[in-house]
Amino acid sequence: MSEVAFDPTAPHGVHPPSYLTAGHTLRSWLTTTDHKRIAILYMLALTLFFFIGGIAAALIRLELFTPAGDLLTAEGYNRAFTLHGVIMVWFFLVPSIPVTLGNFLVPLMIGAEDMAFPRLNLLSWYIFMAAGLLAAFTILAGGVETGWTFYTPLATAFANGNVLAAAGAVFVAGFSSIATGVNLIATIHTQRAPGMTWFRLPLFVWGMYTVSIVIVLATPVLAMALLLIMAERGLGLPIFDPAHGGDPLLFQHLFWFYSHPAVYIMILPSFGVISELVTCFARRRIFGYEFMVYAMAWISIVGFLVWGHHMFVSGMSSYASLVFSFLSFVVAVPSAIKVFNWTFTFYRGEIGFAAPMLYAIGFIGLFTVGGLTGLFLASVPVDVHVTDTYFVVAHFHYIMVGGAVSAFYGGLHFWWPKITGRLYPEAWARFAAVLMFFGFAFTFTPMFLMGFLGMPRRYYSYPAEFQIWHVLASAGALLLAFAYLLPMAYLAWSLRWGRRAGDNPWQATGLEWSTTSPPPPHNFATMPRVAEGPYLYHPAETGPQHGQPEPEQKQGDHP
Amino acid sequence: MSQAHPALREPWRSLHRQRQGASFGIWVFLASEVMFFAGALMVFGMLRLQHPAGFLAAARATDIWFGSVNTAVLLTSSLTMAVASQAAEAGLRRLALRCLGITALLGLAFLVVKGFEYRADILGGLVPGPTFRLEEPAAQLFFGFYWALTGVHAVHLTIGIVAVAGLAWRGWRGTLPLASPAFEVTALYWHLVDLVWVFLYPLLYLPGRSG
Ligand SMILES: [Cu+2]
């Protein structure tokens, strides 16, 4: 089915050979080592998981429409939000941009033929699918009720769901993540075209590079934490068991040592995407290129040192809380730098409001709110007040959904012509982008308010005074669901009926736009040579309405 | 560099770059492996600080003979693995294949010795649970880690043995050129598995023996 749906070049012979026409059989897709085809395979898999996680979210929002627990049992509700968390975090958000857009674009952007290890790339997809099968088994066997956090002793001693299968699925998915991370790092180090120096890399590539470092160093710690949980539950080894002197807090330390950096695993790729969109649709160089790079590097390092802010009420020492609180403020600085720099990129730009730009602007707004409320949670007194309330739920959904998913949709629209060779319908896309912003705001803003009023998370019934907020959130979720489904419909439509895209429909800079759409199997007819930095949308001094020269700014080695 | 070299794969343009890239890639992966074991060792270290007496008593109950023999076996295997990797690079086919064979056999020997040790542990009441023999409060905790850590190490070693044996087989059949980066990559992985044991041995077998 996929090879028919993704074949935009019929009739044959009219268009140059593309990676899509390189083979038409299912076998040619399942044995491909072409990074572009593997990206498509990942996209299909992720779409499926996005649906599964979305159905779980729909169940949650339906249940919460009324204060009483009527649709689901208490246990069923626990299983629904665990399913939502596990699937959305590990089977959608963590892999999302790196394995699809990253896989597709990094070799193109650096002027390479393929990833450094093409067969490892394919293997990572099969590992991911194996993990997906385990996850599907977990669901079919009745699910699991530990929450996505797998806290012990709940997960090891008391839960009666399929903890082993669920933890095993996440464990296996980790190998796929690590393989992708190793591959991206090695590709960016070794496959750059002549002249593509480190400070000429598009920021999307920097996003992929820094996220890969976080993936490679954080994921194994989660793997070990889950392995120890499985050993305790499955083999009866007392690892975290307090009855034998074990310490459940140590599990929390291991878990959050991964899961805080996991937030950056989800958001660093978005930073890269947004930098590409903002520059293209403001027709501007990025403001402060080098600072954007250092900000990402800073995040990927300091992001490893702040996990304790998830444990302020777990009984950690108050001195540790103090240090973790301080470091959590420190890690917010580079995110703020990025928001300021995107905003300054608009300054004196020729701003166009194509759909990808609308997604980017929505991202900047929602990410800013998510980041600022993160500072609330980084300060211990406020955190103690709102721990385990909907305030926290709202905060991280602003980052992961308002941020990462908006960026994913924005990037998907932006590179859709390159990936498929077809243009999407612009009016529908703008409508979907605006709808996504408002649907998101209606869903999650009420959660800040009710969270601050004390509505705890993970309850399937609640006092009637919170109903108005829950009804608002559930109604917003309906809009949001529509805004997610609509692009799937018109993007699928465009595969057959969309207008053909030229090589560079956005007049964007970047090597990926210099080859044909869709690209040929080996990406470039001749090896590209790079002589300038990224985002040279117009030479200095010749920008429209620019009486005076561009402000001097450091941007790698510009000509 | 010859474009037609049988060991050259896409997307690499020269064998030299390919070797550099493969070795760089495995180093990145080994960094990941280090973090994997570091997580468990951190937890182990914290618990040992909390329960010094129980952990020392439990460590004394491990069989230091099995542990020490296995340490010697594994260190020797790293030597033969290093020789095999260097010999492959230098094009010394017979030496490379012979050393690969010895490495795989030493790895197997480790697993056999470990198997006998596990058998003795099980019979000696060192499996956490109702039949556990030691009285000290945290001793079961120690043995929880003993089984988990040595088990994970054994899985790593098994993967290593399969990889080394695969190299030897393909090298012997002539389907894998000696210039392939696979030799160095496998060797680096093998050394890491060895290195993990170098940490596990003093942490699990040696404490509590001096007093
Ligand atoms: Cu965090």
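Residue check: is A:LEU237 surrounded by 24 or more Cβ atoms within 10 Å (Cβ to Cβ), away from the ligand (no atom under 16 Å from the Cβ) and modelled with pLDDT under 95? It would help to see each step written out before you state the result.
Details: surrounded by 24 or more Cβ atoms within 10 Å (Cβ to Cβ): yes; away from the ligand (no atom under 16 Å from the Cβ): yes; modelled with pLDDT under 95: yes.
In short, yes.
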Residue hits (the stretch A:203-233; open to solvent by less than 10 Å² (accessible area, probe 1.4 Å), under 20 Å from the mean Cα position of the chain (by Cα) and in contact (Cβ under 8 Å) with a residue 60 or more places away in the chain) are A:LEU203, A:PHE204, A:VAL205, A:GLY207, A:MET208, A:THR210, A:VAL211, A:SER212, A:VAL214, A:ILE215, A:ALA218
Of A:MET115, A:MET88, A:MET109, which residue is open to solvent by 10 Å² or more (accessible area, probe 1.4 Å) and within 25 Å of the chain's Cα centre (by Cα)? A:MET88
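Of all residues in the stretch A:337-354, how many are open to solvent by 40 Å² or more (accessible area, probe 1.4 Å) and either of a type in the set (A, V, I, L, M, F, W, C) or closer than 14 Å to A:MET296 by Cβ (or both)?
In the first step, residues of the stretch A:337-354 are kept if they are open to solvent by 40 Å² or more (accessible area, probe 1.4 Å); the result is A:340, A:343-344, A:346-348, A:350-351, A:353.
Going one step further and asking which of them are either of a type in the set (A, V, I, L, M, F, W, C) or closer than 14 Å to A:MET296 by Cβ (or both), we end up with A:340, A:344, A:346, A:351, A:353.
Matching residues across the stretch A:337-354 total 5.
Tell me yes or no: at least one residue of the stretch A:177-185 is within 16 Å of the ligand (Cβ to nearest atom), of a type in the set (Gly, Ala, Ser) and either over 30 Å from A:SER317 (Cα atoms) or crowded, with 22+ Cβ neighbours inside 10 Å (or both).
no
May I ask you to verify whether A:ALA489 is open to solvent by 10 Å² or more (accessible area, probe 1.4 Å), free of Cβ contacts under 8 Å to residues at least 12 places away in the same chain and part of a helix (DSSP H, G or I)?
yes
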Hits in the stretch A:351-383 (condition: away from the ligand (no atom under 15 Å from the Cβ), over 17 Å from A:PHE396 (Cβ atoms) and β-branched (Val, Ile, Thr)): A:ILE351, A:ILE361, A:ILE364
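Looking at B:PHE66, B:PHE24, can you tell me which residue is open to solvent by 10 Å² or more (accessible area, probe 1.4 Å), at the interface with chain A (Cβ under 10 Å from one of its Cβ atoms), free of Cβ contacts under 8 Å to residues at least 60 places away in the same chain and hydrophobic (A, V, I, L, M, F, W, C)? Outline the logic, then answer.
Working: B:PHE66 fails: at the interface with chain A (Cβ under 10 Å from one of its Cβ atoms).
On inspection, the qualifying residue turns out to be B:PHE24.
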Matching residues in the stretch B:135-190 - criterion: being within 14 Å of chain A (Cβ to nearest Cβ) and aromatic (Phe, Trp, Tyr): B:PHE142, B:PHE143, B:PHE145, B:TYR146, B:TRP147, B:TYR189
So, A:PHE171, is that one open to solvent by 30 Å² or more (accessible area, probe 1.4 Å), in contact with a Leu (Cβ under 6 Å, 6 or more places away or on another chain), more than 10 Å from every other protein chain (Cβ to nearest Cβ) and in a helix (DSSP H, G or I) or not? yes
With respect to B:ARG17, determine if the residue is of a type in the set (D, E, K, R) and more than 9 Å from chain A (Cβ to nearest Cβ). no
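Okay, residues lined up against (1) within 18 Å of A:PHE271 (Cα to Cα); (2) of a type in the set (A, V, I, L, M):
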{"residue": "A:ALA394", "(1), (2)": "no, yes"}
{"residue": "A:ALA404", "(1), (2)": "yes, yes"}
{"residue": "A:TRP415", "(1), (2)": "yes, no"}
{"residue": "A:ILE419", "(1), (2)": "no, yes"}
{"residue": "A:THR445", "(1), (2)": "no, no"}
{"residue": "A:PRO456", "(1), (2)": "no, no"}
{"residue": "A:SER461", "(1), (2)": "no, no"}
{"residue": "A:GLN467", "(1), (2)": "no, no"}
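Output the number of residues of the stretch A:425-456 satisfying the condition of being of a type in the set (Ser, Thr, Tyr) and open to solvent by 20 Å² or more (accessible area, probe 1.4 Å). Don't jump to the end; show me each part of the working.
Let us first name the residues in the stretch A:425-456 that are of a type in the set (Ser, Thr, Tyr), namely A:443, A:445.
With open to solvent by 20 Å² or more (accessible area, probe 1.4 Å) added as a condition, the list becomes A:445.
The qualifying residues number 1.
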Given the condition within 30 Å of A:TYR294 (Cβ to Cβ), surrounded by fewer than 17 Cβ atoms within 10 Å (Cβ to Cβ) and more than 14 Å from chain B (Cβ to nearest Cβ), answer yes or no: does some residue in the stretch A:148-161 qualify? no
Could you say which residue among A:ALA179, A:ALA155, A:ALA166, A:ALA186 is part of a helix (DSSP H, G or I) and modelled with pLDDT under 95? A:ALA155
When A:ALA508 is run through (1) without any contact (Cβ under 8 Å) to a residue 60 or more places away in the chain; (2) among the hydrophobic types (A, V, I, L, M, F, W, C); (3) more than 28 Å from A:PHE51 (Cβ to Cβ), the failure sits at (1)
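Run down B:LEU167, B:LEU134 and say which single residue is touching a residue at least 40 places away in the same chain (Cβ under 8 Å), aliphatic (A, V, I, L, M), more than 18 Å from B:VAL73 (Cβ to Cβ) and open to solvent by 30 Å² or more (accessible area, probe 1.4 Å).
Working: B:LEU167 fails: open to solvent by 30 Å² or more (accessible area, probe 1.4 Å).
None of the other options fit; the residue is B:LEU134.
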Is there any pair with a first residue in the stretch A:112-140 that is at the interface with chain B (Cβ under 8 Å from one of its Cβ atoms) and a second that is open to solvent by 20 Å² or more (accessible area, probe 1.4 Å) and part of a helix (DSSP H, G or I) whose Cβ atoms are under 6 Å apart and which are 6 or more apart or on different chains, and what are they? A:ALA116/A:THR190
Total residues in the stretch B:34-43, condition more than 7 Å from chain A (Cβ to nearest Cβ) and farther than 15 Å from B:HIS153 by Cα: 1
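The values are calculated or read from the model by the stated rules, or taken from the named source; none is laboratory data. Predicted model only: the values in this text are computed from it and were never measured. Heads up, the Cβs are rebuilt from the backbone with ideal geometry, glycines too, and the neighbour counts pull from every protein chain shown. Heads up: the accessible areas ignore ligands, DNA and RNA and are worked out on the full protein's heavy atoms, side chains in. Shrake-Rupley method; radii C 1.70, N 1.55, O 1.52, S 1.80 Å.
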